[in-house]
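Colleague: Dropping a structure here in structure tokens format, bear with me for questions.
The values are calculated or read from the model by the stated rules, or taken from the named source; none is laboratory data. Keep in mind it's a predicted model, so treat the numbers as computed, not measured. Backbone-built Cβ (ideal geometry, glycine too); neighbour counts: all protein chains shown. Each accessible area value is taken on the protein alone, full model and side chains, heavy atoms only, with ligands, DNA and RNA left out. Shrake-Rupley method; radii C 1.70, N 1.55, O 1.52, S 1.80 Å.
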Amino acid sequence: MASEVLPRTNQGCLDSVVTSFGIVGTGWRAEYFWRLGAALGLDCVGVVSRRAQDLPVPVHLSLDECLAAKPDFVVTAVPWAVSPSLIVELVGRGVRVLAETPPAPDLDGLRRLWQAVGASGLVQVAEQYTRMPPHAARLTLVRSGAIGTVTRVDVSSTHQYHAVSLIRTFLGIGRGPVEVRATRTTAPLADPLSRTGWADPVEVKPATTTIATLAFEDGIGFYDFTDNQWHNQLLNRRLLVRGTTGELRDQEAVRLVADRTIVRTAIERRQTGYDLDLDGFDTDHITFGDQVLYRNPYQGRRWNDEEIAIATLLEDTAAWVGGGPEPYPLADGVHDHRVALAVEESAARDATVRVGEEPWH
């Protein structure tokens, strides 16, 4: 029988009293929150919009109107430049906040935001990548000690603060100093697919790649991102985690399990709905040999990985409102973007940039 090394999860349902939340913003990110919140049984009291709209949730034309419905927390899904002042206003009213990434656009904004609300304990950041099923499974494996102590993490799949979050989380390190060295190159690349759909016809056009090394005090990270890598299916997503006794690469780990004994084991995802499997398309579980690393807590929803990750984040935020652990503290979100800004600065200046001590450390 398969053993389970995965941490206990909420299994897709809230044990406490139903939590209510509001949203500021009506864009495509906001839509994820109200749609998934409804499926989870969370009460979305509505969204704040600058104009009247026909949406499946109440529409408020002012923040005051939304807060009058007494949400337990508010999701800020607004443009980068607007986010800091909105977070400060909400915290000033004693409202808990789940801020979309990043919480401020630039270094001065990050520092001002931290000075204004950092000590409040009322702000979490909507960083969902570590909650995606493949990453959650890999993290469970890494944290089990299967490859020893992690010393290096390579990420080539997503950009900026998301990639920094993955690197720091897999390394298991905090918000200490880091030395960044980045370069940029441009090369022609076909770009067949974007968020708006397929290109017709497909064009080959210049694509910029940013590569950086992030030297932390307790490990090293490698950052590799190419324009539109999220959607361009011609670009493979890559993750490597190196430990003292083995290495995880994408869907496989190689380990030293005894003297003169090196073992390769695949990380397998059970996906239903193929061939004569009539259960419908869904993620079932992810295993490593006979160990279950991850079980989908939302079986039957037919959600993709992004939806699963955001739903998990929403439930974790609701649990935090009820006294549970912080899902992703403001200090982490601020630091991740600080390091991401250093990557951009290093590439632009063609020079090493050191991220030193900051107030949120």
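Colleague: What number, rounded to the nearest 500 deg cm²/dmol, is the helix-based mean residue ellipticity at 222 nm of the chain, given -39500 (n - 2.57) per DSSP H run of at least four residues and division by all its residues?
Modeller: Result for the chain, helices only: -8500 deg cm²/dmol.
Colleague: Shape call for region 49-142 from the C-alpha gyration tensor, a ≥ b ≥ c root eigenvalues: rounded (a/c under 1.5), prolate (a/b greater than b/c) or oblate?
Modeller: oblate
Colleague: Taking the convex hull of the alpha carbon atoms in region 120-204, what volume per residue do you get, in Å³?
Modeller: On the way: hull volume 15.4 nm³, N = 85.
Residue-normalised Cα hull volume stands at 181 Å³.
Colleague: Using a 7 Å offset from the Cα along the Cα-to-Cβ direction at both K205 and D43, what is the distance between the two label points in nm, to one decimal?
Modeller: Distance between label points: 4.7 nm.
Colleague: While we're looking at this one, here's another question. Have a look at R35, R138, R96 and tell me which one the Gaussian network model of the chain (Cα, springs below 10 Å) gives the largest fluctuation.
Modeller: R35
Colleague: Based on Cα positions only, what radius of gyration and what Dmax would you give for region 238-357, in angstroms?
Modeller: When restricted to Cα atoms, region 238-357 yields Rg and Dmax of 20.0, 57 Å.
Colleague: Right, next: Between beta-carbons, use under 15 Å as the cut-off and find the net charge around R29, counting Lys and Arg +1, Asp and Glu -1.
Modeller: With Lys, Arg at +1 and Asp, Glu at -1, the neighbours total -3.
Colleague: How would you classify region 105-263 from its alpha-carbon gyration tensor, with a ≥ b ≥ c the square roots of the eigenvalues: rounded for a/c under 1.5, else prolate if a/b is greater than b/c, otherwise oblate? Intermediate results must be reported in sequence, preceding the final value.
Modeller: Details: a/c = 1.84, a/b = 1.12, b/c = 1.65.
Since a/c reaches 1.5 but b/c is at least a/b, the shape of region 105-263 is classed as oblate.
Colleague: I've got another one for you. Could you look at the chain and say what percent of its accessible area is carbon and sulfur, using a 1.4 Å probe and all protein chains?
Modeller: 51 percent
Colleague: Mind ranking 338-345, 247-254 by how tightly packed they are, going by the mean number of other C-beta atoms within 10 angstrom, highest first?
Modeller: 338-345, 247-254
Colleague: How much accessible area per residue does the chain have, counting only protein heavy atoms and a probe of 1.4 Å, in square angstrom?
Modeller: Per residue, the chain has 48 Å² of solvent-accessible surface.
Colleague: So what is the relative contact order for the chain, in percent, with contacts set as C-alpha pairs under 8 Å and at least six apart?
Modeller: Reported relative contact order: 21 percent.
Colleague: Could you tell me how many cubic angstrom of Cα convex hull volume the chain has per residue?
Modeller: Normalising the Cα hull of the chain by residue number yields 172 Å³.
Colleague: What order, most packed first, do the peptides 124-136, 71-83 have when packing is the mean number of other Cβ atoms within 10 Å of each residue?
Modeller: 124-136, 71-83
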